[in-house]
Amino acid sequence: MSLSKEMLAKVNEIIESDIRPMLLGDGGDIQVIDLRDDGFLELRVSGQCVHCASLPLTMTFAIEERLKTAFPEIKGVVQLKDLDDEGELVGEQALDDVVGKTCH
């Protein structure tokens, strides 16, 4: 399911006004990729956020909750990664799989 142009614009508006400034302040960034058929929004983070131990919490409580509140059709967010610290290709990971496994 691709995001409609209207919904994509609204999602990006929230990202730009509420989410990106917070991540940029910590040396990171965020990009919307797509809304999947199962209702999960694919996002890619970059910069220092990729290595932050608090990223799963940030994704859940600062990003996912904000977007789900604004867009009930979004069931959650999925973080897409390109490379891990060792340069290995890493695929998507649902946030429910990592919340609680990260030391804070």
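Structure notes:
Residues checked against (1) closer than 16 Å to Leu80 by Cβ; (2) β-branched (Val, Ile, Thr); (3) at pLDDT below 90; (4) surrounded by 13 or more Cβ atoms within 10 Å (Cβ to Cβ):
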| residue | (1), (2), (3), (4) |
| --- | --- |
| Leu3 | yes, no, yes, yes |
| Glu6 | no, no, yes, no |
| Asn12 | no, no, no, yes |
| Pro21 | no, no, no, no |
| Ile30 | yes, yes, no, yes |
| Glu42 | yes, no, no, yes |
| Leu55 | yes, no, yes, yes |
| Ala62 | no, no, no, yes |
| Leu67 | yes, no, no, yes |
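- Take the conditions (1) among the hydrophobic types (A, V, I, L, M, F, W, C); (2) closer than 18 Å to Asp34 by Cα; (3) modelled with pLDDT of 55 or more; Leu95 misses just one of them, which is (3).
- Members of segment 28-52 found to be among the small types (Gly, Ala, Ser), over 13 Å from Leu67 (Cβ atoms) and in contact (Cβ under 8 Å) with a residue 24 or more places away in the chain, listed by number: Gly28, Gly47
- Residues that are assigned to a helix (DSSP H, G or I) and under 10 Å from the mean Cα position of the chain (by Cα) within segment 33-66 comprise Leu55, Pro56, Thr58, Met59, Thr60, Ala62, Ile63, Glu64, listed in sequence order.
- Residue list for segment 67-79, restricted to those being outside any strand (DSSP E or B) and either more than 11 Å from the chain's Cα centre (by Cα) or of a type in the set (S, T, N, Q) (or both): Lys68, Thr69, Ala70, Phe71, Pro72, Glu73, Ile74, Lys75
The values are calculated or read from the model by the stated rules, or taken from the named source; none is laboratory data. Because the structure is a prediction, the values reported are computed rather than measured. In this analysis, Cβ positions are derived from the backbone assuming ideal geometry, glycine residues included, and neighbour counts consider all displayed protein chains.
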